[in-house]
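Report on the structure given below.
The values are calculated or read from the model by the stated rules, or taken from the named source; none is laboratory data. Everything quoted here is computed from the prediction, not taken from an experiment. Don't worry about glycine lacking a Cβ; one is built from the backbone with ideal geometry, like all the others, and counts go over all protein chains shown. Heads up: the accessible areas ignore ligands, DNA and RNA and are worked out on the full protein's heavy atoms, side chains in. Shrake-Rupley method; radii C 1.70, N 1.55, O 1.52, S 1.80 Å.
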Amino acid sequence: MDEYMSAPRVWGLMCPGSREEVTRARRWTRDILSNHPCADDAELIVSELGSNALTHTASGSSYGTFQLTLSLSPRTVAISVTDEGGHPEEPRHTEADPDDTHGRGLTIVMALARRLDITGSQHGRTVTAQLVAPEDRSHHMLRPLLRPGYWCECWTRSPATGPRSVLLASIETDSPSEATRWIRVTVRTIASALDRETAHKAWDWVTYGYKEAEDALTNGEPATLALTQQDTHIEWILRPVIFLPLAHRESRRLPACAEQFTCPTTHRIARHQTNGLSSPS
């Protein structure tokens, strides 16, 4: 597992509508996640969601199937089970009696998952549970100077800049919300100068689109917003990164090599003075 990969990796498995397939789905999940810290919880969630699909929907019929999707990104595992529908009501959490042998599946999933989403209709629904791995403290002990964060840039291209894009501004942030807030504040500032169509797109992102950007950053993916008005193009780019500390931020003394550095301008002035020449103005 590469913890620094920026894009999620996705696996899919189609399961016929029999109880034996739930066991196969569990083994398949275990094989993919291997020693991932979320492997045990993911295996249990696959079992509960798969069993629910077979019990309550057309997936459990003679020719029924259910689709299992596993998405893995840094620290996050998403398990999705899609059934074949046939049940008029959306799956919901219910309180089971102590003597009941069923009815606790979704309760267990909700207890394990950081987030639970249900989409679709009676013609087929997808239940997605998201797990987030605990922070690896030993990893930080080995590399205490590394700091995860988000790098934000704003680029522009216009007739004045030629064919190349020019970097207007950049900042570093500690959270996805801080990163998207930077764009939202900037867009609000320039909104009055935008034409109607471009302003509509900008305000749509400021009001709704930023949430998708935050989800992408949380999952280790980059996010962008691009606006074009007449001949001017502006693009904001947000990326998850690992920050390396600068020497003066972490230590009172600079490394020895810093003391040997001489500014080229200072060196040139000193050489002219040595030769009896006046320094350039």
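Numerical summary
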read-out	value
Residue within the range 51-63 that is open to solvent by 60 Å² or more (accessible area, probe 1.4 Å), within 18 Å of ARG125 (Cα to Cα) and among the β-branched types (Val, Ile, Thr) present	yes
Of all residues in the range 112-158 being modelled with pLDDT of 85 or more and surrounded by fewer than 14 Cβ atoms within 10 Å (Cβ to Cβ), the one that is farthest from SER73 (Cα to Cα)	HIS123
Output for the range 20-79, where each listed residue is in a helix (DSSP H, G or I), of a type in the set (S, T, N, Q) and under 30 Å from PRO240 (Cα atoms)	THR29
Residue in the range 173-199 that is farthest from TYR210 (Cα to Cα), counting only those that are acidic (Asp, Glu) and surrounded by fewer than 14 Cβ atoms within 10 Å (Cβ to Cβ)	ASP195
